[in-house]
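The values are calculated or read from the model by the stated rules, or taken from the named source; none is laboratory data. These numbers come from a predicted model, not from an experiment. Here the Cβ positions follow ideal geometry from the backbone for every residue, glycine too, while neighbour counts run over all protein chains shown.
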């Protein structure tokens, strides 16, 4: 795979949010406004690039059996760094993101890339992969927050949009609107790319990065049930 | 005192439901809600881990991190404590309560990276709750998670039988139905405030 391909695949083809459906919690929670979505996307990208590089550099040192706790420590370290930097230089955004900033630690995209890419590839490739995936995540958050802020509060990044401001649909900025817009976006992507890209049809274990180290009994149980049906 | 605790409990079960209004723990909510029995097992395991995690992290924060000015280590310490705790509980359950392990054990490793558990421990600290209040709030959040999971499993069993447009099959229709379930919880906003005269 060439360097450009490694970078590009995260943007659309394997977009972590809209195609792989990972990192759903921050996607739903921080997309009420474009500004907070952008902040979340960039913060997660910074953590992703740094943790991918660190894990790739340490890939020969970290023992295989305890790799997940090691990854979690590395990721939590970078999350702490990013949140301290934000607290110092961007206090408004820090307040806006609140607990979700600390929760980047448990964002499945980051652990997933460590497990699927960084531990098998060189530092440079891992950095590119992290950058691509991070921008894909940011792009998806931007798309979703644009829809929610435009139609929900009639503004875009704080600027009032003339016509839309008179016909707001406030529920879009609330919890139910989040699920609704997310569903519509994934359906749109599925319709536009039908058959062209591999897409997951349901939430199941193979797409979940945690599947590799979770109690596989759940997945095995599900598989055997599906086989029984077939 | 009792009134405050009750209002914290009710608020975290229905008004600030972790899944449906705070968007924490969405992955298991969407992933393990296909069958009611799996949803119940996951919900019970989450309640259990949330209570344990709060019981472990609250004293750590109050007696170790805060007095020594180490609050910035909160995220790292909490996630490690939760991960270790989950492993430990799994081993202990396997050895001493195999029956319980068979029903809950499979869900335990999934919970380590569940943002609802880390979220509840962090929120308890940032809300300035005392130990008992924290435990009650964790119990409430866990119960709210269980409630959302079980309700949604019921909804999903009906959705599975429907035939949505091609592009909506799978994830999108699941999210749209989650939106409607979330809308029904939206109706609870204000209930607790009115019940307790704004005691929150």
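Side notes on the structure shown:
- Flag if residue B:91 is over 19 Å from residue B:136 (Cβ atoms) and out of contact with any helix residue (DSSP H, G or I) (no Cβ under 9 Å at 6 or more places or on another chain): yes
- When residue A:71 is tested against (1) in contact (Cβ under 8 Å) with a residue 40 or more places away in the chain; (2) within 13 Å of chain B (Cβ to nearest Cβ); (3) over 23 Å from residue A:100 (Cβ atoms), exactly one condition is not met: (3).
- Failed criterion for residue B:142 (all others in (1) in contact (Cβ under 8 Å) with a residue 24 or more places away in the chain; (2) buried (at least 21 other Cβ atoms within 10 Å of the Cβ); (3) within 10 Å of another protein chain (Cβ to nearest Cβ) hold): (3)
- Among the candidates A:81, A:105, the residue that is within 22 Å of residue B:28 (Cα to Cα) and assigned by TED's automatic domain parsing to the domain that holds residue A:15 is uniquely A:105.
- Residues of the stretch A:158-188 classified as more than 9 Å from chain B (Cβ to nearest Cβ) and within 21 Å of the chain's Cα centre (by Cα), total: 2
Okay, residues lined up against (1) surrounded by fewer than 16 Cβ atoms within 10 Å (Cβ to Cβ); (2) touching a helix residue (DSSP H, G or I) at 6+ places or on another chain (Cβ under 8 Å); (3) within 20 Å of residue A:76 (Cβ to Cβ); (4) at pLDDT 85 or above:
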position: A:116; (1), (2), (3), (4): yes, yes, yes, no
position: A:131; (1), (2), (3), (4): no, yes, no, yes
position: A:134; (1), (2), (3), (4): no, yes, yes, yes
position: A:137; (1), (2), (3), (4): no, yes, yes, yes
position: A:145; (1), (2), (3), (4): no, yes, no, yes
position: A:150; (1), (2), (3), (4): no, yes, no, yes
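- Residue A:96, sole failed condition from (1) at pLDDT below 90; (2) in contact with a helix residue (DSSP H, G or I) (Cβ under 7 Å, 6 or more places away or on another chain); (3) within 13 Å of chain B (Cβ to nearest Cβ): (3)
- All conditions in (1) under 27 Å from residue A:147 (Cα atoms); (2) surrounded by fewer than 21 Cβ atoms within 10 Å (Cβ to Cβ); (3) within 14 Å of chain B (Cβ to nearest Cβ) hold for residue A:87, with the sole exception of (1).
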